[in-house]
Amino acid sequence: MFTGLVTDVGTVAKAEHRNGLTRFEIESGFPLEEIALGASILHSGVCLTVVERQEGERGARFAVEAVPETLSRTGLGGWTEGSRVNLEQSLKLGDELGGHFVFGHVDGVGEVVSIAPEGQSYRLTIRPPQEIARYFASKGSAAVDGVSLTVAHALENGDFELAIIPHTWEVTTLGGLEPGDRVNLEIDMLARYVARMIGADAPGAQETRG
């Protein structure tokens, strides 16, 4: 479990296909002693397991592996050497929960529609896949490439807007986004359960409304 508060931006040092798996080696600023084999780390919204570790150029260099299913349902399939990755270590008991509960299970890949400066901040508009658009509500939470954010405005066409403060823009990969880029999206778990409780996601609900 995570909070969506990025603690480091890593770099893909190597991407290699091995027997049906894709292995990524990540250069991070995390101290090597903090990274254990088998540890769960959030990679731009995707929870991956550390399978190897060693000292790197500025901290720990560790390897993670992704199956084809993960590559096809997230933005990881587009990672190449040099790709920048938002990183967060898993939440520990007693840690401050400053963002919202993020699970590292990507619900869909959205598209950046537009980026507009607003003084020192930025207004980012995202187009989610149609099947999950209803989960993004004004003032609700969302994880975008692993970053915990508040939805500023949910538009009638299903797009949603985010107001990004300068600090978040600078210390995550969000500052490098351009219109047309793809981003990993995770729905707020509360929204998911509310939809289930009111019957919006009950089996057959879509057919009944249709």
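None of the figures in this text is laboratory data; all of them are computed from the coordinates on show. As the structure is a prediction and not an experimental result, all values here were calculated from the model. Cβ sites come from the backbone with ideal geometry, for glycine too, and all protein chains shown count toward neighbours.
What does the charge count around S121 come to, taking other residues whose C-beta lies under 13 Å from its C-beta (Lys +1, Arg +1, Asp -1, Glu -1)?
With Lys, Arg at +1 and Asp, Glu at -1, the neighbours total -2.
Take the Cα of E52, go 7 Å toward its beta carbon, and the backbone nitrogen atoms of region 5-30 under 15 Å from that spot belong to 13-27. Here region 127-143 is scanned for amide nitrogen atoms under 11 Å from the site 7 Å beyond the Cα of V194 along Cα-to-Cβ, giving 135-141. When each of the peptides 144-154, 31-41, 120-130 is scored by how many other beta carbons lie within 10 Å of its residues on average, the order from highest to lowest is 144-154, 120-130, 31-41. Under a model in which nothing but the beta-carbon of Lys, Arg (+1) and Asp, Glu (-1) is charged, region 35-94 shows a dipole of about 180 debye around its Cα centre.
Computed about its Cα centre, the charge dipole of the chain is approximately 380 debye, with only Lys, Arg, Asp and Glu carrying charge at their Cβ. Taking the Cβ-Cβ separation of E131 and K92 as r and a Förster radius of 30 Å, what is the calculated FRET efficiency to the nearest 0.05? For R0 = 30 Å, the calculated efficiency reads 0.35.
Ranked by the mean number of other Cβ atoms within 10 Å of their residues, highest first, the peptides 11-17, 158-164, 131-137 come out as 158-164, 131-137, 11-17.
Placing a pseudo-label 7 Å from each Cα along the Cα-to-Cβ vector at F103 and T150 gives an inter-label distance of 2.4 nm.
Please give the length that would be gained between T80 and R182 if that part of the chain were fully extended, namely 0.36 nm times their separation in residues minus their C-alpha to C-alpha distance (nm, one decimal).
35.3 nm
Return the Rg/Rh ratio of region 106-190 with Cα-based radii and a Kirkwood Rh. When Rh is taken as the Kirkwood radius, the ratio is 0.92. When the scattering of region 138-178 is computed by the Debye formula from its Cα atoms alone, each counted once and equally, what is log10 I(q)/I(0) at q = 0.19, 0.22 Å⁻¹? With no solvent term, the Cα-only Debye profile gives -0.57, -0.74. With a cut-off of 12 Å between beta carbons, the residues surrounding A15 carry a summed charge of -1, where Lys and Arg count +1 and Asp and Glu -1.
Working note: Cα atoms of region 8-89, range along each principal axis, descending, whole Å: 32, 21, 19.
At 0.36 nm per residue, and after removing the present C-alpha to C-alpha distance, how many nm does the segment from S72 to M1 gain when stretched out fully?
On the way: separation 71, 0.36 × 71 = 25.56 nm, distance 2.24 nm.
Fully extending the segment from S72 to M1 adds 23.3 nm.
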